[in-house]
Amino acid sequence: MNAIASITLEVADLPAADRFYTASGLGAHVRLRATDAPTTGFRGFSLSLTVDRPADVRHFVDAALAAGATSLKPASKSFWGYGGVFQAPDGTIWKVATSNKKDTGPATGRVDSFVLLVGATDVAASRTFYVEHGLTVGKSFGRKYVEFAAAEGSPVKLALYGRRALAKDVGVPADGEGSHRIVLGGQGAGAFTDPDGFTWEAASVAAAS
């Protein structure tokens, strides 16, 4: 079974990005790599942390904002729970959320799950592509949303959402072009590029970067 073993963010200012991810506490979830590849607008993905309670949402969002992130959607209650969205100085969009609407105690600092949400041009086609590359579908809602099952030992899950729907969900315009500025380290398969241009490398290559 193929799975994501690591996520590498490509950034224009490596020292500044390293300072942000260290100060915000998000550095444990991603690797960093310098790049000068051009990119504009929405990069077609977001990174999502699912946590236990609203206090944990505020813990991560407040730490990111204090470290220099920009708020896209302030932490607040919604129909489905409680969450907030921010953009890191390098341009990566992060969402932190919980299904719990009421605080049941102070922040724990724990992350229950880490998800890479890709905004696909054609969710059904991308689903077929990834199934052919060894991923197993965990949840599926037709052409709207697909979540792949997490492989044992994989720190991150992959999910697919329509590009425009994802942009709306995180609060940015859907337009964008150029590099995604993200590379996925895969376990169980070689290097490849998906239908939306997201690049996978062998995990050993990504780890060495």
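The values are calculated or read from the model by the stated rules, or taken from the named source; none is laboratory data. Fair warning: this is a prediction, and the values are worked out from it, not measured in the lab. For neighbour counting, all protein chains shown are included, and Cβ atoms are generated from backbone atoms with ideal geometry for every residue, glycine included. Surface accessibility is based on the protein's heavy atoms, side chains included, excluding ligands, DNA and RNA. Shrake-Rupley method; radii C 1.70, N 1.55, O 1.52, S 1.80 Å.
Some notes on this structure:
- Scoring GLY91 on the criteria (1) surrounded by fewer than 20 Cβ atoms within 10 Å (Cβ to Cβ); (2) outside any loop (DSSP other than H, G, I, E, B); (3) under 13 Å from the mean Cα position of the chain (by Cα) leaves a single failure, condition (2).
- Candidates ALA107, ALA150, filtered to the one that is in a loop (DSSP other than H, G, I, E, B) and closer than 25 Å to ARG181 by Cα: ALA150
- Residue match in the stretch 57-73 (condition: within 20 Å of GLY197 (Cβ to Cβ) and at pLDDT 95 or above): no
- The single condition among (1) touching a Lys or Arg at 6+ places or on another chain (Cβ under 9 Å); (2) part of a helix (DSSP H, G or I) that GLY119 does not meet is (2).
- All of ALA174, ALA124, ALA151 fail the test of being under 22 Å from ALA5 (Cα atoms) and open to solvent by less than 70 Å² (accessible area, probe 1.4 Å), apart from ALA151.
- Scanning the stretch 154-204 for residues that are hydrophobic (A, V, I, L, M, F, W, C) and touching a Gly at 6+ places or on another chain (Cβ under 7 Å) returns LEU166, ALA167, ALA189, TRP200, ALA202, ALA203.
- Only one of the numbered conditions (1) at pLDDT below 95; (2) closer than 24 Å to THR8 by Cα; (3) in contact with a helix residue (DSSP H, G or I) (Cβ under 9 Å, 6 or more places away or on another chain) is not met by LYS102, and that is (2).
- Failed criterion for THR39 (all others in (1) within 28 Å of GLN187 (Cα to Cα); (2) surrounded by 15 or more Cβ atoms within 10 Å (Cβ to Cβ); (3) under 16 Å from the mean Cα position of the chain (by Cα) hold): (3)
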